[in-house]
Amino acid sequence: MSDLLTNAFSVLSLASVFILTALGLHFTFGLLGLVNLAHGEFLLVGAYIAYAIQQTTGSTVAGVMLAPLGAAALGLVMERSLLRIFYDRPLDSLLVTFGLSVIMRQGVQLIYSAVPRQVRDPLRGSLTLLDVNIPKWRLLIVVVDVLLITGIFVLLSRTTFGLRARACVRNPELAETMGIDVSWVRAFLFAIGSGLAGLAGGLLAPISTLDPQFGLLLLVNAFLVVILGGVGSLPGLVIGGLMLGGSLALLQFFIPTVLAQILVLVLAVLGVRVRPFLIERRGERAHPTSSTAVT
Amino acid sequence: MTPEPLLAVKSIDVSYGRTKVLRGVSLELGANEVVCIIGRNGAGKTTLLRALMGVLPVRKGEVRLLGRDVTGWKGHRRAHMGLSWVPQGSSVFPGLSVEDHLGIASRVSERAETHQEVMTLFPVLSQRLSQEAQTLSGGERKMLAIAQGLVSRPKVMLMDEPTEGVAPVIVAQIRSALSRLVEVCSIVLVEQNVDTALAVGTRAYVLERGAVVEKGDMRELHDSGIIRKRLGL
């Protein structure tokens with residue numbers, strides 16, 4: 001029983017990391033449609049802000065709390081100065097965000113060099129619940145995930161800002177003519193996405209080794225989670241994270257980690273390939289005799 | 001001294017890329033007036049409304065709304081000034097309900113009151129509040145588009161063919177709604193249906209190849225046969 005619970009927490013912990021890294025991408029890619037290859041570098045910036053604050057003040061918690069603010073501010077500046085002209089231009093946005101990611105990565109390397117850094121875990125140690133040893137910081141990540149998902153759900157579906165944001169995403173021209181400043185709503189959504197990436201970077205810093213490549217692998221996983229779950233769908237993102245995290249955790253029991261990661265990538269690609277057919281079949285079951293609306 | 005019109009368009013040019021679509025178009029709209037824009041397909045009617053709403057940039061000339069030059073303003077600023085747009089085809093926000101659509105357009109403090117007005121004008125929408133707008137019929141979408149315009153408390157409404165492609169019974173409802181709307185705002189109406197234009201319009205401008213070729217009292221233009229001749233009816 002104890003082994004089962006330990007394994008269950010491993011799955012949950014890994015899935016929560018996947019979900020955490022993908023939440024920001026839900027805004028910038030899922031909602032705004034920007035193929036944001038700089039997402040990993042916003043994670044990197046968040047992690048290094050946490051590191052810098054911890055080095056200066058001695059407080060990791062202060063660093064983690066300031067990381068999203070710094071990343072959101074950086075995201076807002078980038079969106080206003082450059083990215084805002086690249087909505088609805090996927091190939092151009094891909095190129096521009098790739099360029100930005102290189103600049104950000106090199107910028108971090110210029111300031112902090114490529115020497116690996118460590119952020120101190122302020123909650124060192126584990127809790128024991130039902131005979132299961134749970135690292136406190138990893139439990140904190142699970143809790144923060146739940147709070148963030150709930151908060152994002154409430155923001156997007158229960159507030160006037162969320163309603164207007166959804167309107168901007170779905171029909172920007174009509175939204176603009178109904179009095180919504182689409183340009184600024186997009187800027188805020190991008191800043192929220194960047195801030196969430198910064199928070200993820202800050203939270204992952206104490207359980208990772210920091211170097212300028214920190215964001216690269218996380219970027220791949222974040223895109224997989226968003227695409228697998230269905231671009232723009234928050235419940236889909238959670239399911240995607242659980243599927244990826246769960247399959248990786250399970251495979252790691254039986255095969256070496258590197259092989260498990262390759263296999264998970266293959267499974268994810270297969271999942272994306274099969275997903276449209278599943279949705280189509282579900283749609284047919286829901287509307288067996290769909291009729292066209294008539295005047 | 002005559003008061004400044006609610007909407008004054010002074011010799012505007014509008015282009016799609018290098019192709020000039022409107023050439024020196026001028027028009028005026030006074031209080032509680034319905035001005036019809038009439039012309040054949042491709043004359044530039046929809047382009048004119050899009051330019052007035054700020055969706056398309058004006059290359060030359062001036063657009064004045066409530067006495068202010070709004071030529072370079074974006075659509076949302078014009079909407080806040082009291083301009084509202086019922087687009088052709090009545091596009092909607094996919095995935096959002098009828099109630100969401102009305103909520104986006106209305107001020108939070110006036111939501112209950114404006115919803116009640118809409119339900120009085122278009123009772124069928126009260127049975128569709130939780131339904132996704134994209135699943136409405138064409139006629140219901142037109143009603144929703146007009147309702148959205150109404151709840152934003154407009155001073156000027158731009159309507160692009162609100163009766164196009166809908167059943168006669170719904171045309172009658174929309175026509176009746178237009179007659180009531182003109183009591184609270186002024187309307188620029190693009191309309192191919194001459195009967196509807198005649199029923200609600202006070203003045204008309206006839207567009208041909210992006211330029212105003214006739215203007216005057218709606219009834220006089222109709223009775224003199226100019227409208228039918230220009231439309232090739």
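The values are calculated or read from the model by the stated rules, or taken from the named source; none is laboratory data. Just so it is clear, the structure is predicted and the values come from calculations on it, not from any experiment. For neighbour counting, all protein chains shown are included, and Cβ atoms are generated from backbone atoms with ideal geometry for every residue, glycine included. With ligands, DNA and RNA removed, areas are computed over all heavy atoms of the protein, side chains included. Shrake-Rupley method; radii C 1.70, N 1.55, O 1.52, S 1.80 Å.
Among the candidates A:Gly236, A:Gly241, A:Gly229, the residue that is surrounded by 23 or more Cβ atoms within 10 Å (Cβ to Cβ), closer than 30 Å to A:Arg80 by Cβ and touching a helix residue (DSSP H, G or I) at 6+ places or on another chain (Cβ under 6 Å) is uniquely A:Gly229.
One line per residue, one yes/no per condition, for (1) touching a residue at least 60 places away in the same chain (Cβ under 8 Å); (2) under 24 Å from A:Ala71 (Cα atoms):
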{"residue": "A:Tyr87", "(1), (2)": "yes, yes"}
{"residue": "A:Asp92", "(1), (2)": "no, yes"}
{"residue": "A:Gly99", "(1), (2)": "no, yes"}
{"residue": "A:Ile103", "(1), (2)": "no, yes"}
{"residue": "A:Tyr112", "(1), (2)": "yes, yes"}
{"residue": "A:Gln118", "(1), (2)": "yes, yes"}
{"residue": "A:Val143", "(1), (2)": "no, yes"}
{"residue": "A:Leu155", "(1), (2)": "no, yes"}
{"residue": "A:Arg158", "(1), (2)": "no, no"}
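B:Leu102 fulfils the conditions (1) in contact (Cβ under 8 Å) with a residue 40 or more places away in the chain; (2) in contact with a Ser or Thr (Cβ under 8 Å, 6 or more places away or on another chain); (3) part of a loop (DSSP other than H, G, I, E, B) except for a single criterion, (3).
Screening B:Ile146, B:Ile174 for residues that are modelled with pLDDT of 90 or more and open to solvent by less than 10 Å² (accessible area, probe 1.4 Å) leaves exactly one candidate, B:Ile146.
For the range B:74-98, which positions are open to solvent by 40 Å² or more (accessible area, probe 1.4 Å), more than 10 Å from chain A (Cβ to nearest Cβ) and not polar (S, T, N, Q)?
Of all residues in the range B:74-98, those open to solvent by 40 Å² or more (accessible area, probe 1.4 Å) come to B:74, B:77, B:80, B:88-89, B:91, B:94.
Add one more test, that the residue is more than 10 Å from chain A (Cβ to nearest Cβ), and what stays is B:88-89.
Correct list: B:Gly89 only.
Within the range A:186-205, at least one residue is within 14 Å of chain B (Cβ to nearest Cβ), touching a helix residue (DSSP H, G or I) at 6+ places or on another chain (Cβ under 8 Å), open to solvent by 20 Å² or more (accessible area, probe 1.4 Å) and in a helix (DSSP H, G or I).
Filtered by the rule that a residue be open to solvent by 10 Å² or more (accessible area, probe 1.4 Å), of a type in the set (A, V, I, L, M) and in contact with a Leu (Cβ under 9 Å, 6 or more places away or on another chain), the range A:153-185 gives A:Leu156, A:Leu163, A:Val169.
Based on what the data block shows, is B:Val169 among the β-branched types (Val, Ile, Thr), within 13 Å of chain A (Cβ to nearest Cβ) and more than 26 Å from B:Ser97 (Cβ to Cβ)?
no
What single numbered condition from (1) out of contact with any strand residue (DSSP E or B) (no Cβ under 9 Å at 6 or more places or on another chain); (2) at the interface with another protein chain (Cβ under 9 Å from one of its Cβ atoms) fails to hold for A:Gly179? Answer for A:Gly179: the failing condition is (1). Being β-branched (Val, Ile, Thr), open to solvent by 20 Å² or more (accessible area, probe 1.4 Å) and either under 23 Å from B:Leu49 (Cβ atoms) or more than 13 Å from chain A (Cβ to nearest Cβ) (or both) is the requirement here; does B:Thr120 meet it? Judged against the criteria, B:Thr120 is a match.
Look through B:Gly82, B:Gly103 and report the one residue that is touching a strand residue (DSSP E or B) at 6+ places or on another chain (Cβ under 8 Å) and either on the phi > 0 side of the Ramachandran plot or not hydrophobic (A, V, I, L, M, F, W, C) (or both).
Of the residues listed, the single one that is touching a strand residue (DSSP E or B) at 6+ places or on another chain (Cβ under 8 Å) and either on the phi > 0 side of the Ramachandran plot or not hydrophobic (A, V, I, L, M, F, W, C) (or both) is B:Gly82.
Which one is farthest from the chain's Cα centre (by Cα), of the residues in the range B:151-166 that are open to solvent by less than 20 Å² (accessible area, probe 1.4 Å), away from chain A (no Cβ under 12 Å) and closer than 18 Å to B:Met81 by Cα? By that ranking, first place goes to B:Val156. Looking across the range B:196-225 at every residue that is within 28 Å of B:Val118 (Cβ to Cβ) and assigned to a loop (DSSP other than H, G, I, E, B), the one that is most open to solvent (accessible area, probe 1.4 Å) is identified as B:Thr202. Of the listed requirements (1) surrounded by fewer than 17 Cβ atoms within 10 Å (Cβ to Cβ); (2) over 15 Å from B:Leu65 (Cα atoms); (3) modelled with pLDDT of 95 or more, B:Arg18 misses just one: (3).
Counting the residues of the range B:99-117 that are closer than 23 Å to A:Asp181 by Cβ and open to solvent by 10 Å² or more (accessible area, probe 1.4 Å) gives 8. Can we say A:Ile262 is farther than 26 Å from A:Phe27 by Cα and either surrounded by fewer than 19 Cβ atoms within 10 Å (Cβ to Cβ) or charged (D, E, K, R) (or both)? Judged against the criteria, A:Ile262 is a match. When every residue of the range B:45-66 is checked against the conditions, at least one turns out to be within 14 Å of chain A (Cβ to nearest Cβ), out of contact with any Ser or Thr (no Cβ under 7 Å at 6 or more places or on another chain), crowded, with 16+ Cβ neighbours inside 10 Å and charged (D, E, K, R).
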